[in-house]
Amino acid sequence: MSFTAQDVKRLRDMTNAGMMDCKKALTETNGNEEEAVKWLREKGIASAAKKAGRTAAEGAIHAYIHMGGKYGVLAEINIETDFAAKSDQFKALCDDICMHICSANPKWVRQDEVPQEAIDAEIEIFKKVAAEEGKPEKIRDKIATGRLKKWYTEVCLYDQAFVKDPDKSIEILLQEASGNIGEKIEVRRFVRYERGEGIEREESNLADEVAATVAAASK
């Protein structure tokens with residue numbers, strides 16, 4: 001069964017879920033509206049969307065260490081109640097989010113946190129690359145916009161594909177968890193550490209070191 005843009009809009013009005021989620025729900029259910037609503041509810045997306053306006057001020061500052069101390073993450077992940085914050089399900093979600101940050105190395109949580117100067121710089125790069133590829137000038141802006149969307153999926157946590165399940169984004173992962181737990185959940189901020197990051201290492205030549213050691217010993 002096919003569906004139209006109006007069907008997607010109607011489903012969105014019914015569930016408060018995002019347009020892309022509604023489109024996916026209709027695709028998965030062959031355009032069956034009733035089944036699409038059920039699909040969204042089972043995924044926790046519809047109920048999570050209804051909680052979007054609520055305040056999540058409890059939660060945890062979660063610490064995660066990866067690969068024997070090579071990487072570490074501190075992330076503030078919020079939920080509505082202290083009771084839910086102590087649940088095993090929420091703690092497991094925090095672990096998954098921090099593990100993902102270790103692996104995927106996002107720069108920002110959401111698109112609206114990306115500085116405009118960073119966006120402008122990327123757009124200029126994309127336009128320059130399009131020109132070097134021989135693309136007509138009249139479509140370079142459109143190409144740059146498309147590549148900017150892909151860039152967001154690389155640098156923004158919510159847009160990234162979850163490393164343990166690349167078929168869903170981190171935003172969808174949070175929506176599903178919110179639906180299952182029954183409370184609004186969001187990542188507020190994070191810091192990722194990499195051992196030795198930013199330290200200038202002195203380049204050494206093993207042969208020269210050996211020669212210097214031998215020379216010193218012969219004196």
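Worth pointing out:
- Members of the range 96-128 that are exposed (fewer than 12 other Cβ atoms within 10 Å of the Cβ) and part of a helix (DSSP H, G or I): Asp112, Gln116, Glu117, Asp120, Ala121, Glu124
- Hits in the range 161-193 (condition: touching a strand residue (DSSP E or B) at 6+ places or on another chain (Cβ under 9 Å), farther than 18 Å from Val109 by Cβ and surrounded by fewer than 14 Cβ atoms within 10 Å (Cβ to Cβ)): Asp167
- For the range 148-160, a residue qualifies if it is crowded, with 17+ Cβ neighbours inside 10 Å and either touching a strand residue (DSSP E or B) at 6+ places or on another chain (Cβ under 7 Å) or not hydrophobic (A, V, I, L, M, F, W, C) (or both), and the qualifying residues are Tyr152, Val155, Cys156, Leu157, Tyr158, Asp159, Gln160.
- Filter pass, Lys51 being touching a Lys or Arg at 6+ places or on another chain (Cβ under 6 Å), surrounded by 15 or more Cβ atoms within 10 Å (Cβ to Cβ) and modelled with pLDDT under 90: yes
- Per this entry, Glu171 is counted among residues that are within 10 Å of the chain's Cα centre (by Cα), assigned to a helix (DSSP H, G or I) and in contact (Cβ under 8 Å) with a residue 12 or more places away in the chain.
- Single condition Ala92 does not satisfy, out of (1) surrounded by fewer than 13 Cβ atoms within 10 Å (Cβ to Cβ); (2) more than 17 Å from Tyr64 (Cβ to Cβ): (2)
The values are calculated or read from the model by the stated rules, or taken from the named source; none is laboratory data. In this text, all values refer to a predicted model and were calculated from it rather than measured experimentally. With ideal geometry, Cβ positions are generated from the backbone for all residues, glycine too; neighbour counts draw on all protein chains shown.
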